[in-house]
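Student: One structure is given below, represented as structure tokens, and several questions about it will come after.
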Amino acid sequence: MTLPAHKYLRARLTDFFDPATSWERSLWTVGSIQCLVEVLEAARLTSAHGAAERTLREVRQSTRQVACADPGVGPSERRTEIRKLLDSDLHSASAIEQLGHVTRLARRGYLERWRPVLDEGASEGLERSARSIGAHLLDSGYSSDHLMRWLRAVGDAVSSTNDLLDASIELSRKPSREYEALVAFSRIPGVPHRLADGWMTASAVSTWLAERGHDPVRQVGGFCIPVRARDPWAAVERVGALVGRLQARVDIGLAGRNTSLTASPQVWIDGKDKPYSLAPSRRPLEVHSLGRQDMVLSLRLDDQSDEVDFALELLAPLHAATDPSALAGGWATLESLYSEAGGGAHTASIGASKVVAASWPRAELTRLAYAYAGSQSDELARCISNAPANRTRAELMANAIATDLAGEFASESDRCAAERLRQLLQDPNAVLSRVSDHLERSFQRLYRQRNLLMHTGGVRSSSLAATLRTTPSLVGEAVDRAVHAHSSESLSTSALVARARHELAMVGKTGGRHVSHLLERP
């Protein structure tokens, strides 16, 4: 590997923590500990909600594939015991308590148990370690903002994977703390007869700000609320969710009364010098084909256009809406495009995973080709720049990576991507099979979380945040491929899935297509 192991690990963690990372380099999965917690939640819900029975069965199967192969969970003997528990029905209180016990044991020392894998230094192990470490830190409640700042603070000081792992372990051991957050409002729907705990008058808000050295703001009141979180950005995210729920209550409960609830764009945390932005972060979701195929203002009326337009309308809430709407819209989008008649909801997650997996090599190769041409001046860079289409650029890049003819990429993230693609080109069938499995589990988690939220009395799972962190960009790519197939070939989504299934089965074999154009028109 051209990139030192600790730099590879740092670059991949940066990819995972940076909200601007594009889908092909983002973190698609949750960690093994979170998978086990998801099983526990489903088991405890099953006795009270019949709808959770199927969820329990599905999440047990998914977790068995992930946790029982994860060295961070524990030695092989412990993982064998976990497998036995996951194979049981988990309906008895005793079995659930036992699973809870082994989950706590697995959480304790999880990162430390990845040290032998990192010490080996193999590129496959480094990638797997990076995903496990990144997922574990994010699943534990840290915000991406905090983790990016932490990584910048420790990244330049580390000289080995052990240094970076030690810093990760130290961070993971820090407990949550309670933050006091203030939200001010420029408009509220009248003055309530009785203020709930935490609500403050305008003068009280002004006093709170002045006492802490903050500039005054125009406001008519606000609330001050304690929030337990891992870091201040995570606390602000929780406050933002609360404001969103309050706004939904006003919109529905006071509809038609010319009232509104408008929050200040800032949140103040007691003890912090500067306010934090309350603006909801838009989830990473892009459908580039709409612009590339001039479909943004399309007014066509036909069955396939209706199918795409309906899916896009369902997709919109996943971009920026509150969690329940995002879950419902995200899954409804996949189901409307990818479910097969009579095949059940799971056909949607399977079909979407096949299409996105088949599109992944092309996305990475095209991005690397442009990055190489923009930073190098050799013959390969000139050929890429003069290539007539992205398909040719991707193939040129793939051939150069496979034969070690490419020079150094400028960014560490690109160098990591080139290493992953080298592994792909050596064994495309095995790598793309793993990619497809990862994607299918992510889409299935979206389906399960939507079901839990919609069918079990509004229960909020601890995997809700992780689901909305990992799946939006993947759903966006699944929709993007469907839109492109429709606009460029008038190809239905079901036909696109059939193409992806066949080409993934044939890749790397005699008669199989090159990884750079698995979804192209024959």
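Student: Compute the helix-to-body angle for 144-155: its Cα long axis versus the longest principal axis of the chain, expressed 0 to 90° and rounded to tens.
Tutor: It works out to around 60 degrees.
Student: Could I ask something else about it? Work out, step by step, the length gained on full extension between Asp87 and Ala410: first 0.36 nm times the residue separation, then minus their alpha carbon distance; give nm to one decimal. Walk me through the numbers on the way to the answer.
Tutor: On the way: separation 323, 0.36 × 323 = 116.28 nm, distance 4.78 nm.
Roughly 111.5 nm would be gained on extension.
Student: What number, in percent, do you get for the relative contact order of the chain if the mean sequence gap of Cα pairs under 8 Å and at least 6 apart is divided by its residue count? Intermediate results must be reported in sequence, preceding the final value.
Tutor: Working: 726 pairs, mean separation 89.4, N = 522.
Relative contact order of the chain: 17 percent.
Student: Could you state the angle between the C-alpha long axis of helix 232-253 and the longest principal axis of the C-alpha atoms of the chain, as a value from 0 to 90 degrees rounded to the nearest 10?
Tutor: 70 degrees
Student: Another question about this same structure. Quick one: Debye curve from the C-alpha atoms of region 101-174, no solvent, what's log10 I(q)/I(0) at q = 0.13, 0.23, 0.25, 0.27 Å⁻¹?
Tutor: Calculated log10 I(q)/I(0) at the listed q: -0.38, -1.17, -1.33, -1.45.
Student: Determine, from the Cβ-Cβ distance of Ala345 and Gln65 and an R0 of 22 Å, the FRET efficiency 1/(1 + (r/R0)^6), rounded to the nearest 0.05.
Tutor: On the way: r = 19 Å, r/R0 = 0.88.
That pair, Ala345 with Gln65, gives E of 0.70.
Student: Whose amide H sits under 5 Å from the amide H of Tyr179, counting only residues 5 or more places off or on another chain, with H placed in the peptide plane?
Tutor: Val227, Arg228, Ala229
Student: Rounded to the nearest 20 debye, what is the charge dipole size of the chain about its Cα centre when +1 sits on each Lys and Arg Cβ and -1 on each Asp and Glu Cβ? Don't jump to the answer; show the numbers that get you there.
Tutor: On the way: 63 positive and 62 negative charges, 185 e Å.
The dipole of the chain has a size of about 900 debye.
Student: Another question, if that's okay. Assuming 0.36 nm per residue, please report the length gained on full extension of the stretch Thr80 to Gln247 beyond their Cα-Cα distance. Provide the component values of the computation, followed by the final result.
Tutor: Working: separation 167, 0.36 × 167 = 60.12 nm, distance 4.81 nm.
That works out to 55.3 nm of additional length.
Student: Once both labels are modelled 7 Å past Cα along the beta-carbon direction, what's the Glu180-Ala430 spacing in nm?
Tutor: It works out to 5.8 nm between the two label points.
Student: Roughly how large, in nm² to one decimal, is the mean projection of the convex hull of the alpha-carbon atoms in region 5-172? Mind showing how you got there, number by number?
Tutor: On the way: hull surface 40.2 nm².
For region 5-172, averaging the hull's shadow over all directions gives 10.0 nm².
Student: Determine the shape class of region 77-232: with a ≥ b ≥ c the square roots of the Cα gyration tensor eigenvalues, call it rounded for a/c under 1.5, and otherwise prolate if a/b is greater than b/c, oblate otherwise.
Tutor: Numbers: a/c = 3.90, a/b = 1.71, b/c = 2.28.
Verdict is oblate for region 77-232.
Student: Given only helices, namely DSSP H runs of n ≥ 4 each adding -39500 (n - 2.57), what is the per-residue ellipticity at 222 nm of the chain, to the nearest 500 deg cm²/dmol?
Tutor: Values: 22 runs with 321 residues, N = 522.
Helices in the chain give a 222 nm mean residue ellipticity of -20000 deg cm²/dmol.
Student: I need the peptides 425-431, 70-76 ranked by packing, meaning the mean over residues of other C-beta atoms within 10 angstrom, with the highest value on top. Don't skip to the end; give the middle numbers.
Tutor: On the way: 425-431: 16.0, 70-76: 18.4.
Put in order of decreasing packing, that is 70-76, 425-431.
Student: Here's another thing I want to ask about it. Hey, can you rank 229-236, 401-408 by average C-beta count inside 10 Å, highest first? Can you show the working numbers first?
Tutor: On the way: 229-236: 21.6, 401-408: 14.0.
Top of the packing list down: 229-236, 401-408.
Student: Let me ask another. If one takes the longest principal axis of the Cα atoms in the chain, at what angle in degrees, from 0 to 90 and to the nearest 10, does the Cα axis of helix 472-489 lie?
Tutor: Roughly 50 degrees between the two axes.
Student: Then there's this: So how do 85-98, 359-372, 144-157, 471-484 stack up, highest first, on mean other-Cβ count within 10 Å? Mind showing how you got there, number by number?
Tutor: On the way: 85-98: 14.1, 359-372: 22.1, 144-157: 16.3, 471-484: 25.3.
Packing proxy ranking, top to bottom: 471-484, 359-372, 144-157, 85-98.
Student: Report relative contact order for region 5-172 in percent, whole number only (criteria: Cα-Cα under 8 Å, sequence separation at least 6).
Tutor: On the way: 168 pairs, mean separation 59.2, N = 168.
It comes to 35 percent, rounded to a whole number.
Student: Can you give me the distance in nm between label points at Cys383 and Arg501, each placed 7 Å from the Cα along the Cα-to-Cβ direction?
Tutor: 3.7 nm
Student: Which value in nm describes the separation of the simple spin-label points at Glu112 and Arg187, placed 7 Å from the Cα toward the beta carbon?
Tutor: Distance between label points: 5.6 nm.
Student: Would you mind ranking Lys84, Lys509, Lys7 so that the residue whose beta carbon has the fewest other beta carbons within 10 Å leads the list? Please list the in-between numbers first.
Tutor: Details: Lys84 12, Lys509 9, Lys7 19.
Exposure proxy ranking, most exposed first: Lys509, Lys84, Lys7.
Throughout, read-outs are computed from the coordinates displayed, never taken from laboratory work. From a predicted model like this one, the values you see are computed outputs, not experimental measurements. Don't worry about glycine lacking a Cβ; one is built from the backbone with ideal geometry, like all the others, and counts go over all protein chains shown.
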